[in-house]
Structure formats: C-alpha cells, structure tokens
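Below is one structure, written out as structure tokens; the observations come after it.
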Amino acid sequence: MIGVGLPDDGWAMMSMDPQVGGLPPEIDSSVPHSARIWNYWLGGKDNYEIDRQVGARVAEIFPFQPKVARISRGFQGRAVRFLAGEAGVRQFLDIGSGLPTVDNTHVVAQRVAPECRIVYIDNDPMVLAHARALLSSSPEGECHYLDADLNDPGAIIDRARKLLDIERPVALMLMGITGHIASYERAREIVRTLLDALPPGSYLVHADGDDSDERAVEALRQYAATGAVAHHLRGIEQLKGFFDGLEPVEPGLVPPHRWRPDAPVQAENDDVPSVGIAGVAYKP
C-alpha cells in the first residue's frame, strides 16, 4: 500500500481529526474533495469518511479507478525523474498537486538533482495546511506552495515568477487537473497561457483519463452529484490536443503505464479502460 509520511519522502504524519490536528476551519469534512479521494485511492490516510464513501462508490461503479490512480502516479514519478535527469530541468511548476503521498515531485526531482526548485499550486485548504506544516526541501534546492486557482493562469504565473526564473526552462506539471475545467476550449486556453509564459526548452507533463468507458463516465457523474468539484473525462484526441505545438518526448503520447516503464509493461494494465493519455512534451 502507498502511504503518507514515509521517512524518506520529505513529509511527516499529520492528524486528520480537526479537533486534534488544528486544521483550518474552512476545511469542510462533510463535502468530498478530489485531492482527499485521490489520497484514499492511493492508500493514504489523509481523508475523511465522506471521501472514503465517495471513493468507494466510484470504485464500485468503475472498479478500475484505484488502479488508474496508481498508474497515473507511477507515470508522474518517471516523468519527473526523466526531466531532472536526462532533460536537465531544474525548475518545476506543479499545478493541482494534491495531498502528499510517496515520491512527490520535489522528492523525485531533488533525489536526482538536489538543486531543483519546485513550486506547487493548489487551492484546497487541507493541501495547503499540510504544505505549510510539513513541506521540506533539500538544502541545495527550494520548495514553495502557493494558494492559487487553475482558472486564473495569469495570477499563477505572476506569483510563480517571484520564485522561479521564468527566463530558464520550467517543467509544467498538470496531472489529472485539466478535467476540472468544464469547457475543453477553456482548458486548452489555460494550458496555452501557462506555456506561453514559459521559455523555449520548457516541458509540459500532462495526463488524464478518457471517456471511453461508460462506467467511468457514470462514476464521475455520480461523483459530481455529491457536491464535489466535477471532473470531465474527454476523448483521446482531445487529450492529445493539449500537446499541440509541442514536441512529444519518446515514446510519445501513450497510456501512462506505457511511458518509459521501469519494468516490462504488464498485459493486465493494457486492459484497464479509461486510463487515458499521458506524455512529456518539449516547447521548441
């Protein structure tokens, strides 16, 4: 099981009981939240009963969802390792980073190159509470967490440029986050605005599930009906559209478990529906 606060990941445990942990009052434990549900699927402990109930219901309708979460997380780690290693990137802008689990972006990047600088963006009070209490960095590098919204990319760039050297390449990380933007055209506009602010030599890392399985679509319909922020699955070609104008790194835009796997890809992962498309692409 993947857990939170393993000793080598740069995070520590924090109580999730509001009466014990002193979490901000704006955290509503009666409304499910995608970051906490994702944490539940990954085997973490930083979630409430409502998150576990909704997460279990989604998995009941679409039994592959926890595996999709793990596949996506594995891709993220490999992508960051490639960027900090072979690609030589030293700056990361991770938007919609969610709750800490194992091998967060800063942990993987600084394991390869301790001088890496990482700026995390999220607007979930629980995520921010964890970050302020627990965020750590290698002595050579930097880690920052900003409270900002993907719907306002201009504000993200304005704040991030105070912490990153925007004249040098930046890896823009968008993992499972663009689906929270209802309009596909608006989502693409937001991604384009972010990329336009970054210099040539920067990279986009993007992954999200697709709408090919009716069970996944229905699961997220019911998920949205709980009051949680809706997540919109899209077609494969739409997901590929986020990479327009960029140069995909080999092996290109593929299911996340097929992007540079550490071991031979297990055939059972090819049978996972709605796993989507993932890729790392270079801005020329």
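Some observations on this one:
- Built amide H within the under 5 Å cut-off of G209, gap 5+: none
- Amide H contacts under 5 Å for Y145, placed H, 5+ residues apart: Y120
- Karplus (6.51, -1.76, 1.60) ³J(HN,Hα), θ = phi - 60°, over the stretch 29-38, in Hz, Gly and Pro reported as x: 6, 8, 10, x, 9, 4, 4, 6, 5, 4
- When you filter the GluC sites (Glu not before Pro) in the stretch 133-223 for DSSP loop state and at most 11 other Cβ atoms inside 10 Å of their Cβ, you are left with E140, E167.
- Top positive-direction residue, dipole computed over the chain with Cβ charges, set A224, P248, I37: P248
- Per-residue ³J(HN,Hα) for the stretch 231-241, Karplus 6.51 cos²θ - 1.76 cosθ + 1.60, θ = phi - 60°, Hz, x for Gly and Pro: 10, 9, 6, 10, x, 4, 5, 5, 4, 5, x
- Springs between Cα atoms under 10 Å define the GNM used for the chain, and in it the highest mean-square fluctuation of V107, V249, V80 occurs at V249.
- Semi-axes of the equivalent ellipsoid of the stretch 26-175 are 27, 18, 13 Å, computed as sqrt(5λ) over the eigenvalues of the C-alpha gyration tensor in descending order.
- Relative contact order of the chain: 19 percent, from C-alpha pairs under 8 Å at least 6 residues apart in sequence.
- Antiparallel %, DSSP beta bridges [both residues in the chain], to 5: 30
- Charge dipole (the stretch 29-282, unit charges on Cβ, about Cα centre) - positive-most of A69, P273, A113: A113
- 26 Å Cα-Cα reach of K283 towards lysines, excluding residues that sit fewer than 8 places from it in its own chain: K162, K240
Read-outs throughout are calculated quantities, based only on the coordinates presented, and are distinct from any laboratory measurement. In this text, all values refer to a predicted model and were calculated from it rather than measured experimentally. Cβ: placed from backbone, ideal geometry, glycine included. Neighbour counts: every protein chain shown.
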